[in-house]
1. Region B:36-70: which trypsin sites (Lys or Arg not before Pro) are DSSP loop and have at most 16 other beta-carbon atoms within 10 angstrom?
2. Take the cross-link list B:Lys28/B:Lys52; B:Lys69/B:Lys181; B:Lys40/B:Lys231 and give me the ones stretching past 23 Å between alpha-carbons.
3. Nothing charged except the Cβ atoms of Lys and Arg (+1) and of Asp and Glu (-1): what's the magnitude of the dipole of chain A about its Cα centre? Round to the nearest 20 debye.
4. Residues in region A:144-165, backbone N under 19 Å from the label point at A:Ala238 (7 Å along the Cα-to-beta-carbon vector): list them, ranges by number please.
5. Return the carbon/sulfur percentage of the accessible area of the protein assembly as shown, one whole number, probe 1.4 Å, all protein chains in place.
6. Helix-derived [θ] at 222 nm for the protein assembly as shown: sum -39500 (n - 2.57) over DSSP H runs of at least 4, divide by residue count, nearest 500?
7. Distance from the Cα centre of region B:202-266 to that of region A:194-233, in angstrom?
8. Using only protein heavy atoms and a 1.4 Å probe, how much accessible area in total is buried between B and A, to the nearest 100 Å²?
Amino acid sequence: MKTFGAFLLFLSSLLKRGESPRILFNRTIDEAILIGIDSVFIVAVVSTFIGAVTCVQISYNLTNALIPRSTIGFMVREMTILELAPTITSIVLAGKVGSSIAGGLGTMRITEQVDALEVMGINSASYLVLPKILAAFLVFPMLVITAMFLSIMGGYLAGSLSGALSGQEYITGLRSDFISWNITFALIKSLVFAFLVAAISSYQGYFTEGGALEVGRASTKAVTNSVIAILIADFVCAQLLL
Amino acid sequence: MIEIHNIHKTFNGTKVLDGISGNFESGKMNMLLGASGTGKSVLLKCIVGLVKPDLGSITYDGRIFANNKLDIKQEIRRKIGMLFQGSALFDSMTVSENVEFPLRMLSDMNRTDRLDRVQFCLKRVGLENAGNKMPSELSGGMKKRVGIARAIAPHCTYLFCDEPNSGLDPLTAITIDELIKEITLEYDITTIVVTHDMNSVLEYGDNVMFLYKGKKLWEGHSSTIMDTNVKELNDFIFSNRLMRDAKKVEQIEEEERQEEERHEEEQNRSDR
Ligand SMILES: Nc1ncnc2c1ncn2[C@@H]1O[C@H](COP(=O)(O)OP(=O)(O)O)[C@@H](O)[C@H]1O
Ligand SMILES: [Mg+2]
């Protein structure tokens with residue numbers, strides 16, 4: 001509870017004494033490029049395989065001859081858009097982005113780079129952290145959409161290569177009963193997760209004390225806490241928005 | 001001039017600074033001397049506002065530096081340059097970008113003026129060709145030089161150095177001390193140097209403040225420090241064998257001189 005209070009104080013300090021919008025904008029773009037390039041490969045690999053595995057497993061479970069094979073495509077789409085793409089992608093990003101945010105800030109803290117900013121009269125929290133959160137807002141949804149697309153592609157490939165269903169059937173399934181709100185829902189979730197990962201990891205890194213060992217510890221903690229927060233938020237979002 | 005008055009600081013129940021007062025003059029090398037863990041860095045951080053003292057006041061040329069007066073604090077901070085113990089260069093930026101950084105953030109200079117100033121400062125510290133290097137490619141001494149260049153880039157009036165020559169070989173250490181002294185005199189800066197190195201104190205110090213377990217035990221000009229009769233300071237100075245030997249040599253020389261004087265006097269007397 002005390003940590004949570006400190007976390008809220010930290011968030012409010014981000015908005016005080018900010019730098020000019022131009023600097024904030026430039027820093028955000030820099031961070032976004034960094035996060036994006038850093039993670040696009042792993043997100044692509046993970047989402048393609050998740051789509052493929054989902055397709056194969058559904059087809060394995062779907063033994064009833066009365067249900068058309070195209071249902072597999074439908075189910076892959078639903079699972080991917082609603083849950084797998086936003087949540088798994090964010091969990092992957094928590095590992096990739098969260099640890100790099102916490103490690104980077106922790107190193108800056110213990111090597112007194114944060115103090116150097118403060119001595120210059122710069123609000124180090126807003127200078128360092130705010131762009132990371134904004135960059136995450138920008139990048140997470142893009143990566144989630146990429147993941148949706150690749151995951152569905154993965155399902156298509158797995159389905160046709162394993163002979164579970166024809167490409168034509170898969171596409172028929174994909175196109176049936178489409179609810180566009182589900183995409184909106186996934187994007188809202190990805191924004192929530194973006195905030196959680198960036199803010200929690202920044203908090204862990206920014207308040208690192210000690211040496212290299214503590215920086216490593218802060219990174220680990222950033223990842224575990226982010227993942228737990230994502231899962232809780234996932235549940236809450238489903239309750240509130242579906 | 002920077003004046004501090006009755007600074008107290010406690011961390012989790014341990015008293016780290018116990019009522020320290022003093023003045024730091026401009027154009028002088030003001031040194032904070034003391035063993036490790038006596039609170040030198042904490043005092044320096046209190047003075048620049050990185051640590052909030054529990055009690056006490058700090059004034060910069062008569063202007064009170066306090067948390068509740070944010071605009072004055074910000075204004076003073078723009079005139080502060082600080083060299084950190086580990087240099088604290090921003091490791092995602094090149095050397096030039098590091099030196100340019102305070103100018104970009106704090107001044108309204110245009111880009112050409114900024115780059116001129118960066119080149120000037122790098123040249124001043126003898127690194128005019130290292131502008132495009134990353135901090136990770138630099139040696140310890142070069143990092144300190146870049147740190148100094150970054151500190152003086154915005155025309156600082158106050159310069160703080162936390163153990164500027166620790167972790168350097170003796171020769172590099174001397175050049176860094178020398179550079180700080182030159183800059184201090186050149187721009188009439190109020191410089192405070194934290195050190196535990198008696199060589200720096202004797203060679204480059206002007207006013208010296210000796211801290212021991214959070215208290216100020218001695219204060220004076222560096223030329224008088226060897227004559228102190230404060231036990232802790234004596235122990236500190238002569239904990240170093242070289243210093244002990246130096247003192248011995250000094251004593252022997254002094255005795256010889258007195259002997260000679262006596263001799264001469266006797267001769268004079270017998271001549272008359
Ligand atoms: N942020 C902090 N929290 C708790 N204790 C601290 C903190 N900073 C310094 N100290 C303690 O204050 C004492 C003095 O530290 P310091 O000023 O760094 O010594 P030095 O004279 O070697 O620079 C040390 O015992 C250190 O453990
Ligand atoms: Mg220290």
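The values are calculated or read from the model by the stated rules, or taken from the named source; none is laboratory data. Fair warning: this is a prediction, and the values are worked out from it, not measured in the lab. Methodologically, a virtual Cβ is constructed for each residue, glycine included, from the backbone with ideal geometry; neighbour enumeration extends over all protein chains shown. These area figures cover heavy atoms from the full protein model, side chains too; ligands, DNA and RNA do not enter into them. Shrake-Rupley method; radii C 1.70, N 1.55, O 1.52, S 1.80 Å.
1. Passing both the DSSP loop test and the Cβ count: B:Lys69.
2. Numbers: B:Lys28/B:Lys52 26 Å; B:Lys69/B:Lys181 32 Å; B:Lys40/B:Lys231 19 Å.
Going by Cα-Cα distance, B:Lys28/B:Lys52; B:Lys69/B:Lys181 fall outside the 23 Å limit.
3. Around 180 debye, computed over chain A.
4. The answer is A:148.
5. Carbon-and-sulfur percentage of accessible area, whole number: 59.
6. Working: 19 runs with 311 residues, N = 514.
Dividing the helical sum by the residues of the protein assembly as shown leaves -20000 deg cm²/dmol.
7. What the calculation gives is 53 Å, centre to centre.
8. Roughly 1600 Å².
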